[in-house]
Each structure stands twice: as C-alpha cells, then as structure tokens.
Amino acid sequence: MTNSNDKLALNTLRVGTALTLVGLAASVLGFGSPVFTWLWLEADWPEHRALAVDRAGACALLAAIPMLFVPRAWLGLKLAALWLLLVALATAATGSWYPWLAPADHASRILAPLAVALWAQRRSADAPVQWTLRVAAALTFAGHGVAALLGRGLFVDYALSVMFGLGAEPSQILAERMLFVVGIVDVACALAILVPARLRAVAIWMAAWGGMTALLRVYYAGWTQWPETLMRMANCAVPLTLFLLWKPRPEVSP
Amino acid sequence: MNRYLPHVAVIVLMLGAAVVGMMTAPATSVAEEGGVAGAGAAGPAGKAPAQWRVTWGENPAREATISWSTKEATEVNTVHYDTRALKGDVPSYKHKVQAQTSGRYTAKSFRLHYHHAKLEKLEPNTAYYFCLGSDDNFTREFFFITAPDTDADLKFLYGGDSRSDREGRRTMNRRMRELFEADPAILCLVHGGDYVADGSNMEQWNDWLTDHELTVTTAGRMLPVVPARGNHEAGDVQYDEIWADTGGRGKNYYKTMFGSQVMVVNLNTEISAGGDQAKWLEETLKVNPKIRWQLANYHRPAYPAVKEPSVAKQHWVPLFEKYNLDVAFESDGHTIKRTVAIRGDKPDATGVTYIGEGGLGVKQRTPDPERWYFKDGKTGSASHVQKVTVTKETLTVETILHNGKVFDTWQGKPRTR
C-alpha cells in the first residue's frame, strides 16, 4: 500500500461492504432469504433445516465483517461472496418479477467482498481488483437500468414518492417517463464504466446515484427499512472506490 | 504453517457463526398437509374442450367469461347456453356465443390454446346451463349461477397460493368442491394470487388449469373465480391469457360487486401501488360509502405473518382506514393469519382486519405469532380456505382446513361510513 488515495479507497470499500453485510444479515435474520425459500419449497427441505441454513449464512456474513479489515483473511471474504452469489441465484430461481435480473442487481454486493479479498491477496488495487469493481458496478447499474426501462412498479412508486417529497403533484405517467430516462442513464453508465479510459465523472455519478437510491428505501418506507438501505451500500461504495483509485497521481520528479 | 493460521481462524470463526445461526433458528411446526392423492390429470388432448372455468369481473350479476383450453388450434369455439337444463342437447340451447378471443398461450414449446367467451346481459341470481364446443367437440352440460344484484345474503370462498404442492392443491380443490356442494349459497372463489410457481411456465399453468376442474360439482356447477395477480405471475402475459384480461391487461385491478351491498376491491401488488391504482382505489372507496360491506383482495400482505410488509401498507392501508374497509384479504405468506383490527398501525377496534395468507396448495410456513397484530388475532399452519358469509347484520369469515375442520371464525358488524 503505497498511496494514501489507495488506502482511502480500500477503507471506503471495506466500510461500504461491511454496511452491506450488516444490512443483508439483518434482512435475513428478520425475514429470511431466497435461499430459505429455495431449500424449503424447491428442494423440499424441512422448514426448520432450511431456516437453520439461512440463519447460518446470515451469521457467517456477520462473521466476515472483521475479516474485511484483516489483511490476510481473504478466504473468509471469498466464502462470503460465494454465499451472496448463492443468494442471488436463489433469488433468480424463486423470484418473480424478471428473476433473471437478480444476479446483475446483486453484483456489487457479491463482488465487493471479493474485491477486498483480491486486494488483500495481491496487496494492491491492480487490474484484476479494478476490473472486479468495474464489472460489479456495471452489472448492478445494467440490472437496475433494465428494470427501470421495463417500468418496475416499485421504482414507479419511488419516483412518485420523490415527486411528492418535492412538492410536485405525483403523476404516474410522469414517473414512468422519469424512470425511462433513469433506465437509459443507468445502462449508459454501466457501459461507460467498462471502457478502458478511467472515467471519474461516471464513477462519481454512479456512487452518488447508488447512494441516493439506497437511501430512497428508508425515505420511501421509513426507518424500519434500514436493512434494505444498508444492503445497497455496496452500490455506492464500489464506484466510489473506483473514483478514489482513479484520482490522478502526482508526478514524481526524477 | 503460520501462513495457514489466519485461514484456519477464518474458517473456524465462520463455522462458529454458522452454528450460532443454526442454533438460533426457531423451532417450526410440521405443517398439517392434506396430501390426498388424486386421479392423474395430463390436461387437454386434441380439439376437445378442457380446463373449463368461469371468470367474474366487475359485474358478476350480469356478466361472466367462460374460458377453456384445447390442445390443438380450433376454428369454431362456442358456448351454447340457456337458463334451462338441457342435458347437453346442444341444438336445444337458446343462446350461442362465439369465443371473442382465442389464441395460443405464450410459451416457447408447450402448445395449448385458450378460448374466452364473454356472456353479457345475464339475469342476476340465475342458473345458466351451458356446453362448450370447439369445432365438432362438445362438453357435457355445466352450469353456474350469477350473483344477485339485490341486498341479498350470500357466501363466497377466499384463498390464495396454490403454486408449489400439486397434491395439496388437488386436495384443496376437492375440499372447495365439497364446501360448494354442501352449501349452494357459495357464489365463487376470490383468489388472492400465486396460482403457480412460475407464471411464465405454461406447463405449470396447464397443471393448475386441469386441477381447477376438480372444483366442479358432480352436478356440473362451476365455481367462478375472481382473480388477483400474485408475485409469481408478476409481469407474465400468461396471467391475462388465462384470466381474460380481467381488470385490464397488465393492470388487473377492479372492483367486484356481489349483490348491492358487498364490494370487493381486487388490487395488484405487482405494479405501481401508489400511482393510478391508489387514485382508483380512493375514488372507488370514496364514491361508494353506502355499500355496507367493503372488502379488499390482493396478494402481498400489509400485515404479514412471516415476511416483511408489502407496498400495500404504504399506499393502501391509509385508504382502507380512511374509508373504513371491513376486511382485507391477503395471501403470499403460506400460513393462516387473522390480525387484530388495526388503525394507525396499532390495535383499534374501529380498524381494519387482515385475514388470509394463502393455503390453496403450497407448503405451509410456521408464522410468527409474536408480531403485535396477532395478539388477540390468530395464526396457524395448514392448507386452508376462507368461507365468507355475508348477511345484513354480520360478515363472518371461517377458516376451513383441508380436512374440513373450522380453524378460526371471525365476525364483523356493519360500520358507519
């Protein structure tokens, strides 16, 4: 670790991932996860056993949080990422509204702990780490962008709540139009973050938007929804990490 | 050796946490399931009409959509109907209506065709006898009875979630048939959604539609369905192909009047709840204050027994409370539940009671009876259907299990609006 920007970036990613893991664990411990649903309904496990596995996964996520801050604990983070991948696949297998979008939507929360692990292993934010972050941000924005273009009802309601909050007359047609624009911008950002050039403006926009849309969950439905907001903190932290990493470095005089 | 120590520590820590998680998982009861094996049912064959059903929308006293499926495409699809029983003598039926819409259900490879014939200008509270015809293939005679249009006492069934346990579903369909046969005053089934696990999968719908035939009584009386869209049908065009666009294609929210004094608002939790739908709901409740019994039917619950609250709580509950809805029927949780009356997110005798959670053929979960709204309420875990009995003085909701036992009874009185 040679650069203070890199340190800041790593700690940003660590904190964002830690918050995400807290949110995910709280949500599972409160209401269960799609892994439970899949094991119980599709794999025909007894309810108590499926619940036990679900809770075990949630507790393992909590146990992974300290590992984010320990340089050599990358194996635990990879296991956490693997579990989160299983959650995304279970969501796709048991979900309802365009379930094939779930793995893309979840990409940041899956790949953030993996990026921290890679960073710890490789001891620098080299190309594999940065591409992991880029792909994570791109998939998350692409998934949400497509959902917006498809007019997801919940997103329409979010847009309506923002209109209401701004004192405007809520209009579903207007909300759907807004959502269409949001979808286009999200997909464009998803593509832009993948171009070889380091587009810091795109990264900071994605970080801001990821943070705002995460906060929208509590704005829309109240503080009881805090796990929903926290679990989406990776959507902000991942592009913010890229933004910090891509800060131009001062030239070293010979 | 030292280099492996951190990894060993990590694995020990995660395994320890996992064990803690497993040990803190609450004990669950074993769901009481019907599981009575039924006759095998492969579905339609050739051009013979099958998977018959009656769908009710806004005005079940005057209108009904009769639908059926054929395996192969057919040219001429008709309903021959009369108010007299004619034992299937097709030329004798006074009325004949062509299916207004026919087509192939949307599916990659599975072939099945739908036919919908809307009957209009019907007489209220009247038995209509009919035969279905596709090309030269005709069914036996069936009948259904239109809803009354007066302030009459009436009954209907409510249930949801018939998606993942076929034998359980067939058991519940037989249970509904038995209830229907024993009590001819039952008008229909109000369905709370989640018919199948994957609403885009026509093989699953094919099984569901075939199983629905089990609700037809021995005498041939059909149990009309008032459908609502569930999350497992969210966004799937097959839902509208099966339920003939009830409530508008993709929108699927509408009110149904049973007689002059029972209104059911059927809502869709899978689209925007706060936009046009909420406006429609408010307008509907606002302009009908004199209707004595006002009920709602939708899939994902505002006051769930196991899951987290849906968008219904945010957008519809305030309207239910403002306009003094009597009961909201909810599904999705795969449990039995009846809440205490709720207003302002706390117990209040003047509030709304939430009943249901879905048990028409899906494994049952163990509910969380510790939630505040179940104090003085009721929870359980077994396949079930609700029987709703409406008179001028009372509205009674009985939760009937797959074995016919009454698990819970709730009664409400008319309220001032």
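General remarks:
- Here's the picture: charge each Lys and Arg Cβ at +1 and each Asp and Glu Cβ at -1 in the stretch B:154-412, and of B:Trp205, B:Trp293, B:Tyr303 the one pushed furthest to the positive end of that dipole is B:Trp293.
- Here the protein assembly as shown has 59 percent of its accessible surface on carbon and sulfur atoms, given a 1.4 Å probe and all protein chains in place.
- Accessible surface ranking for B:Arg104, B:Arg417, 1.4 angstrom probe, highest first: B:Arg104, B:Arg417.
- Per-pair calculated FRET efficiency, R0 = 35 Å: B:Arg371 and B:Glu181 via Cβ, rounded to 0.05: 0.45
- B:Lys405 paired with B:Ala219, simple spin-label distance in nm, labels 7 Å along Cα-to-beta-carbon: 3.1
- Summing both sides, the accessible surface hidden between B and A at a 1.4 Å probe radius is close to 3500 Å².
- Rolling a 1.4 angstrom probe over the protein heavy atoms with all chains in place gives chain A an accessible area of 43 Å² per residue.
- List A:Arg109, B:Arg111, ordered by accessible area with a 1.4 Å probe, largest first: B:Arg111, A:Arg109
- Centroid-to-centroid separation of the stretch A:41-65 and the stretch B:358-406 [C-alpha atoms, Å]: 28
- Note on chain A: with a GNM built from Cα contacts shorter than 10 Å, the maximum mean-square fluctuation among A:Asp126, A:Asp186, A:Asp105 falls on A:Asp126.
- Surrounding net charge for B:Trp280, when Lys and Arg each add one and Asp and Glu each subtract one, Cβ distance under 11 Å: +1
- Shielding value for A:62-70 is 3, the average number of Cβ atoms from other chains within 10 Å of each residue's Cβ.
- The stretch B:311-373: proportion of alpha-carbon pairs further apart than 18 angstrom, %: 37
- Relative contact order of chain A, defined on C-alpha pairs under 8 angstrom at six or more residues apart (%): 26
- Directionally averaged shadow of the stretch B:154-412, computed from the convex hull of its alpha-carbon atoms, nm²: 12.2
- Two-site label geometry, B:Trp280 and A:Val70: point separation in nm, points 7 Å out along Cα→Cβ: 5.6
- According to the calculation over all Cα-Cα pairs in the stretch A:4-245, the P(r) per 10 Å bin from zero is 8, 31, 35, 20, 5, 0 %.
- For the stretch B:282-332, the fraction of C-alpha pairs farther apart than 14 angstrom is 49 percent.
- 20 Å binning of all Cα-Cα separations within the protein assembly as shown, expressed as whole percents from 0 upward: 18, 47, 28, 7, 1, 0
- Under 11 Å, Cβ to Cβ, from A:Pro248 - net charge with Lys/Arg +1 and Asp/Glu -1: +3
- Pairs of C-alpha atoms in the stretch A:1-101 farther apart than 19 Å represent 48 percent of all such pairs.
- 1.4 Å probe accessible area per residue over the stretch B:104-190, in Å²: 38
- Cβ-placed point charges (K, R +1; D, E -1), dipole of the protein assembly as shown about Cα centre in debye, nearest 20: 1580
- q = 0.19, 0.21, 0.22, 0.26 Å⁻¹, the stretch A:118-208: log10 I(q)/I(0) [Debye, one scatterer per Cα]: -0.86, -0.96, -1.01, -1.20
- Relative contact order (%) - chain B, alpha-carbon pairs under 8 angstrom, separation at least six: 16
- Between A:Leu8 and B:Asp89, the distance separating the two model label sites (each 7 Å from Cα on the Cα→Cβ line) works out to 9.2 nm.
- Overall form of the stretch A:41-176 per C-alpha gyration tensor (a/c, 1.5; a/b vs b/c): oblate
- For the set A:Thr91, B:Thr218, B:Thr70, the ranking by accessible area, highest first and with no ligand, DNA or RNA atoms included, is B:Thr218, A:Thr91, B:Thr70 under a 1.4 Å probe.
- Within the listed set A:Gly30, A:Gly167, A:Gly57, the Gaussian network model of chain A (springs between alpha-carbon atoms below 10 Å) gives the highest mean-square fluctuation for A:Gly167.
- Taken over the stretch B:50-145, the percentage of Cα pairs per 5 Å bin, counting from 0 up to the bin with the maximum distance, is 3, 14, 26, 24, 18, 9, 4, 2, 0.
- Each Lys or Arg adds one and each Asp or Glu takes one away; over the other residues whose Cβ falls under 14 Å from the Cβ of B:Ala85, this sums to +2.
- Out-of-range pairs (alpha-carbon distance over 22 Å; input B:Lys94/B:Lys118; B:Lys155/B:Lys413; B:Lys251/B:Lys363; B:Lys255/B:Lys313; B:Lys47/B:Lys96; B:Lys313/B:Lys387): B:Lys251/B:Lys363; B:Lys313/B:Lys387
- Considering helices alone, the calculated mean residue ellipticity of the protein assembly as shown at 222 nm is -12500 deg cm²/dmol, with DSSP H runs of length four and up weighted by -39500 (n - 2.57) and normalised per residue.
- Comparing B:Asp161, B:Asp332, B:Asp345 in a Gaussian network model of chain B, where Cα atoms under 10 Å apart are tied by springs, the biggest mean-square fluctuation is seen for B:Asp345.
The values are calculated or read from the model by the stated rules, or taken from the named source; none is laboratory data. Small disclaimer: the values here were computed from a predicted structure and weren't measured. As a convention, Cβ positions derive from the backbone with ideal geometry for all residues, glycine included, and neighbour counts pool all protein chains shown. Heads up: the accessible areas ignore ligands, DNA and RNA and are worked out on the full protein's heavy atoms, side chains in. Shrake-Rupley method; radii C 1.70, N 1.55, O 1.52, S 1.80 Å.
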